[in-house]
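Only one structure is covered here, and it is reproduced in the block below.
Bear in mind that the values in this text are calculations on the coordinates, not laboratory data. For clarity, every value in this text was computed on a predicted model and none was experimentally measured. Note: ideal-geometry Cβ built from the backbone for every residue, glycine included; neighbour counts use all protein chains shown.
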Amino acid sequence: MRNFFEKLRFYIPHLLILLVIANDSLLINTWIAPGPIINLKYILLFYFCFYQPDRISVISLFFLGLVFDSLQCTPFGMTSLCFIVVSKLIYFLKKRRTRANFQNEFISFGIVLVTIQILASIIFYYFSKSSLEYSLIIVNTILTLALYPLLRYILQFFCRYQI
Amino acid sequence: MNATKLAKSSAVGTAVLERTFRQKILTPALIGICFLLLILENISSRPIKFFKSLINDVITYSAFIINLPINFTTGTTKSFLETLNFNIHQENKILKDQINKLISEKNELLFFKNENDNLKKTLGIRNQGEYAALLVKVIKEDTSEFGKSFSISKGSSENIDIGQPVVRNNVYLGRIAEVNLLSSKVMIVTDAGSRIPIIIPSKGVNAILKGNGYSSAELLFLPPSTSLDNNDQIYTSGTDGIIKEGLYVGKVIVKEDKNKKKNYSIDLGYKEHQLNYVSVLKLKR
């Protein structure tokens, strides 16, 4: 039984990201805001890849991305590719920035978020038949960036006592 | 003993091997698979489509099961709050009055419908094809910066096809964007990629309704001299030959700025995130 709970504890980041992916529209995007203006999944992904990189493997990121693509009607493989690039980019940025403080972390998150939104937009533009609303992506990026400190604080609080 | 066997003999060696495998083989392989999937997306081959539909169905229904406890909790809270409504008798009286009013309006409407059909017959105007409604359950709503959609519980097994309109109480909600075996995806009218031909009968104006990606839509290609009023009703015009004509979409809300210039916004005829059952309109053949 203890072994089971330890395993469950290990997979909490996966479960959390999966729940956010499956319920993205139920969370902030519908109850608080009028539309898709916050990207919770990227915040969670960045946080766990930054602080606990050994807990989320590339394979799980690939499958989580596929789940998201299937649910959101986006081209298959788009989000998986974005997730894998995110994890590699975070690894690279973390290696480069030796001083660990909030400022550096926030800049890293900004770089990751902008890169990922540009990559996702390019893939969506070339591989999807739907049209893109660029203003929506810009608003989404800015508000996700603005919300990061708050969510980071909440996640750190839970990580200290729960995860 | 070769290098691999030597590395496997110690714990540190195994870890190094694992990391090398992950960095040099696994990550590039997965990136390659992602690109392959993206390329396959645009190839319309039957086995690929079938396989994709299967994956989509499994994921959609799994997400529905994952969401069950959350939906149950939300539903229970809502019904509990409804039971605490102390004005229930007065509300009942108001609703009864509204029902009576609606019945009389319906009878009047039937009279006009018959009159309209007779006039059409006299003038020799043929009706557009007749539609059959298929009632389906909304499994899940999805919102992201790339699209707004919801999944429904019927797919190609029920002859659902891409482009078919989805309505609720004759109010237009969106159109089928993707069909799987046992489920389908509906692109909501507020999706940034949604464009529907509409008509404003009170002004005799045709236009295109475009979703803004949030929870509303905007009018495109309105004639420059058009001046709309508050509460002007918007209906589908059916000029594309796919969406049935005469489906209610919403009403116009007019706001004037400082220079007395009119800005139009649309109050859609349905409320998002409160959809349980909807109907897919299929053309009768």
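Please list, in order along the range A:121-136, the HN-Hα scalar couplings obtained from phi with the Karplus expression 6.51 cos²θ - 1.76 cosθ + 1.60 (θ = phi - 60°), rounded to whole Hz, x for Gly and Pro.
Working through the residues one at a time gives 5, 4, 4, 4, 4, 8, 10, 10, 8, 6, 9, 9, 10, 5, 4, 5 Hz.
Run the simple label-point estimate for B:Lys24 and B:Ser157 please: 7 Å along Cα→C-beta, distance reported in nm.
In this crude spin-label approximation the distance works out to 4.8 nm.
Answer rounded, prolate or oblate for the range A:51-151, using the Cα gyration tensor with square roots of eigenvalues a ≥ b ≥ c: rounded when a/c is under 1.5, else prolate when a/b is larger than b/c, else oblate.
Details: a/c = 2.20, a/b = 1.39, b/c = 1.58.
It comes out oblate by the Cα gyration axes.
Compute the projected area of the convex hull of the Cα atoms of the range B:131-285, averaged over all viewing directions, and report it in nm² to one decimal place.
On the way: hull surface 37.8 nm².
Mean shadow area of the hull around the Cα atoms is 9.4 nm².
List the equivalent ellipsoid semi-axes of the protein assembly as shown in whole Å, largest first, each obtained as the square root of 5λ for an eigenvalue λ of the Cα gyration tensor.
On the way: eigenvalues 451, 122, 105 Å².
After diagonalising the Cα gyration tensor, the semi-axes are 47, 25, 23 Å.
How big is the dipole moment of chain B about its Cα centre under a simple scheme where the beta carbon of each Lys and Arg is +1, that of each Asp and Glu is -1, and everything else is neutral? Debye, nearest 20, please. Could the numbers behind the result be given before it?
Details: 38 positive and 27 negative charges, 131 e Å.
In total the dipole reaches around 640 debye.
Compute for the range B:141-211: radius of gyration divided by Kirkwood radius, i.e. Rg/Rh, restricted to C-alpha atoms, rounded to two decimals. Don't jump to the answer; show the numbers that get you there.
Details: Rg = 13.4 Å, Rh = 13.0 Å.
Result for the range B:141-211 is an Rg/Rh of 1.03.
Starting from the amide H of B:Ile139, placed 1.01 Å from N in the peptide plane, find each other amide H under 5 Å away whose residue is 5 or more places distant or on another chain.
B:Ser151, B:Ile152, B:Ser153
Quick one: if you stick a label point 7 Å off each Cα along the C-beta vector at A:Arg160 and B:Leu110, how many nm between them?
6.9 nm
Would you kindly compute the Cα radius of gyration of the range B:25-88 and its largest Cα-Cα separation (Dmax), both in Å?
Over the range B:25-88's Cα set, Rg and Dmax evaluate to 21.4, 67 Å.
Please say if the range B:10-122 is rounded, prolate or oblate, where rounded means a/c under 1.5 for a ≥ b ≥ c the square roots of the C-alpha gyration tensor eigenvalues, and otherwise the choice is prolate for a/b larger than b/c and oblate otherwise?
oblate
Suppose we flag chymotrypsin sites (Phe, Trp or Tyr not before Pro) only when DSSP calls them loop and at most 12 other Cβ atoms lie within 10 Å. Which is the longest uninterrupted stretch of chain B? Mind dumping the intermediate values first?
Numbers: sites that count: B:Phe86, B:Phe221.
Excluding the exposed sites themselves, the longest stretch runs over B:87-220.
Tell me, in nm to one decimal, what length is gained between A:Ser121 and A:Tyr91 on full extension, where the rule is 0.36 nm per residue of separation less the Cα-Cα distance? Please report the intermediate quantities before stating the final value.
Details: separation 30, 0.36 × 30 = 10.80 nm, distance 2.26 nm.
Stretched out fully, the A:Ser121 to A:Tyr91 stretch lengthens by 8.5 nm.
For the range B:193-205, take each phi angle, set θ = phi - 60°, evaluate the Karplus expression 6.51 cos²θ - 1.76 cosθ + 1.60, and give the result in whole Hz per residue in order, putting x for glycine and proline.
Computed from phi, the couplings for the range B:193-205 are x, 7, 9, 10, x, 10, 9, 10, x, 5, 10, x, 10 Hz.
I want to check the label-to-label distance for A:Leu8 and B:Ile94. Put each point 7 Å from Cα in the C-beta direction and report it in nm to one decimal.
Reported label-point gap for A:Leu8 and B:Ile94 is 4.6 nm.
How high is the FRET efficiency between B:Val254 and B:Phe86 when r is their beta carbon distance and R₀ equals 41 Å, given to the nearest 0.05? Don't skip to the answer; put the middle values down first.
Details: r = 38 Å, r/R0 = 0.92.
Computed FRET efficiency for B:Val254 and B:Phe86 comes out at 0.65.
What number comes out for the charge environment of A:Tyr51, summing +1 per Lys or Arg and -1 per Asp or Glu over other residues with Cβ under 13 Å away?
Working: positive: A:Arg55, A:Lys94, A:Arg152, A:Arg160; negative: A:Asp54, A:Glu105.
Result for the local shell: +2.
Enumerate the calculated ³J(HN,Hα) couplings along the range B:69-81 in order (Karplus 6.51 cos²θ - 1.76 cosθ + 1.60, θ = phi - 60°), each rounded to whole Hz, writing x wherever the residue is Gly or Pro.
x, 5, 4, 5, 4, 4, x, 5, 4, 5, 5, 5, 5
To check you understand DSSP bridge types, tell me what percent of the beta bridges within the range B:131-285 (both residues inside) are antiparallel, rounded to 5. If you can, show how the numbers build up before the last one.
Working: 50 of 51 bridges.
Rounded to the nearest five, the antiparallel share is 100 percent.
Taking the number of other C-beta atoms within 10 Å as the exposure measure, put A:Ser70, A:Ser87, B:Ser184, B:Ser44 in order starting with the fewest.
Values: A:Ser70 26, A:Ser87 22, B:Ser184 31, B:Ser44 7.
Lowest count first: B:Ser44, A:Ser87, A:Ser70, B:Ser184.
Restricting to DSSP loop positions (anything but H, G, I, E, B) with no more than 16 other Cβ atoms inside 10 Å of their own Cβ, which trypsin sites (Lys or Arg not before Pro) remain in the range A:70-132? Write out the running numbers ahead of the final one.
Working: sites: A:Lys88, A:Lys94, A:Lys95, A:Arg96, A:Arg97, A:Arg99, A:Lys129; in loops: A:Arg97, A:Arg99, A:Lys129.
Within the range A:70-132, the qualifying trypsin sites (Lys or Arg not before Pro) (loop, at most 16 other Cβ atoms within 10 Å) are A:Arg97, A:Arg99, A:Lys129.
What list do you get for A:Thr74, B:Thr226, A:Thr141, B:Thr143 if you sort them by fewest beta carbons within 10 Å? Don't skip to the end; give the middle numbers.
On the way: A:Thr74 24, B:Thr226 14, A:Thr141 20, B:Thr143 28.
Ascending Cβ contact count within 10 Å gives the list B:Thr226, A:Thr141, A:Thr74, B:Thr143.
Given 0.36 nm per residue, what is the gain on full extension from B:Arg126 to B:Ser79 after removing their alpha carbon distance, in nm? Working shown, then result.
Numbers: separation 47, 0.36 × 47 = 16.92 nm, distance 4.74 nm.
Here the segment from B:Arg126 to B:Ser79 would lengthen by 12.2 nm.
Tally Lys and Arg at +1 and Asp and Glu at -1 over the other residues with C-beta under 10 Å from the C-beta of A:Glu133: what net charge comes out?
Details: positive: B:Lys210; negative: B:Glu145, B:Asp191.
Summing Lys and Arg as +1 and Asp and Glu as -1 gives -1.
Mean residue ellipticity at 222 nm from the helices of chain A, using -39,500 (n - 2.57) per DSSP H segment of n ≥ 4 over the full residue count, to the nearest 500 deg cm²/dmol?
Details: 8 runs with 124 residues, N = 163.
Computed mean residue ellipticity for chain A: -25000 deg cm²/dmol.
Taking chain A as the reference, fit the longest principal axis to its C-alpha atoms, fit the long axis of helix A:12-22 to the helix C-alpha atoms, and give the angle between the two in degrees, 0 to 90, nearest 10.
Once rounded, one gets 20 degrees.
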